[in-house]
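The values are calculated or read from the model by the stated rules, or taken from the named source; none is laboratory data. Every value quoted in this text rests on a predicted model; they were computed, and no experiment measured them. We place every Cβ from the backbone using ideal geometry, glycine too, and count neighbours over all the protein chains shown. The protein model used for the area step is the full one, side chains on, heavy atoms only, and it has no ligands, DNA or RNA in it. Shrake-Rupley method; radii C 1.70, N 1.55, O 1.52, S 1.80 Å.
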Amino acid sequence: VQLQASGGGLVQAGGSLRLSCAASGLTFGNYAMGWFRQAPGKEREFVAGISWSGGTIYYADSVKGRFTISRDNAKNTMYLQMNSLKPEDTAVYYCAKSTYSSGSYSSKADYDYWGQGTLVTVSS
């Protein structure tokens, strides 16, 4: 299983970025997926999760209303549209594959494969 995150970069506060996570080596449509982030000196934290079909979605309170998670099972790809970015959103963003098709999304323990991360930097 390989997960390749991309789309990070430097953006001003209030701007937008779209992250992608390309998956290979698995039946992508069978599994829930998630986005996590890790800021310097902090623990990796849950950002958003999506069920196998895209029918169930969860967000961390800190990104609710600003970020949108989605997936295209035909393209084996998951996305994270990030709008109204804030300096506190600065972090390395990781995509991850859940061991389940749906259910709990926020626990790192429920994910068994992780991408390499893509850096998002939001300037004030």
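Please enumerate the residues belonging to region 1-16 that are open to solvent by 30 Å² or more (accessible area, probe 1.4 Å) and in a strand (DSSP E or B). Working first, answer last.
Our first condition is that a residue be open to solvent by 30 Å² or more (accessible area, probe 1.4 Å); within region 1-16, this holds for 1-2, 4, 6-8, 10, 12-14, 16.
Residues satisfying the conditions are GLN2, GLN4, SER6, LEU10, GLN12.
Only one of (1) of a type in the set (A, V, I, L, M); (2) open to solvent by 10 Å² or more (accessible area, probe 1.4 Å); (3) under 15 Å from the mean Cα position of the chain (by Cα) fails for LEU26. Which number is that?
Answer for LEU26: the failing condition is (3).
Scan region 42-54 and report the pairs whose first residue is basic (Lys, Arg) and whose second residue is not in a strand (DSSP E or B), with Cβ atoms within less than 9 Å and a gap of 6+ or a chain change.
Note: pairs meeting the criteria are ARG44/LYS108.
Those residues that are open to solvent by less than 30 Å² (accessible area, probe 1.4 Å) and either touching a His at 6+ places or on another chain (Cβ under 9 Å) or farther than 12 Å from SER106 by Cβ (or both), I need them from region 51-62; list them, please. So that I can check it myself, show each step before the final result.
Looking only at region 51-62, we keep the residues that are open to solvent by less than 30 Å² (accessible area, probe 1.4 Å), and these are 51, 54, 60.
Result: SER51, GLY54.
So ARG37 passes all but one of these: (1) more than 13 Å from LEU19 (Cβ to Cβ); (2) touching a residue at least 60 places away in the same chain (Cβ under 8 Å); (3) surrounded by 14 or more Cβ atoms within 10 Å (Cβ to Cβ). Which condition number does it fail?
(1)
So which residues in region 40-50 are out of contact with any Gly (no Cβ under 9 Å at 6 or more places or on another chain) and surrounded by 14 or more Cβ atoms within 10 Å (Cβ to Cβ), if there are any at all? Steps first, answer last, please.
Within region 40-50, the subset out of contact with any Gly (no Cβ under 9 Å at 6 or more places or on another chain) is 40-45.
Listed by number, the residues that qualify are ARG44, GLU45.
Among the residues of region 31-66, which ones are of a type in the set (A, V, I, L, M), outside any strand (DSSP E or B) and in contact with a Ser or Thr (Cβ under 7 Å, 6 or more places away or on another chain)? Working first, answer last.
The initial filter retains those residues of region 31-66 that are of a type in the set (A, V, I, L, M), namely 32-33, 39, 47-48, 50, 57, 60, 63.
Keeping just the survivors that are outside any strand (DSSP E or B) gives 32, 39, 60, 63.
Residues satisfying the conditions are ALA32, ALA39.
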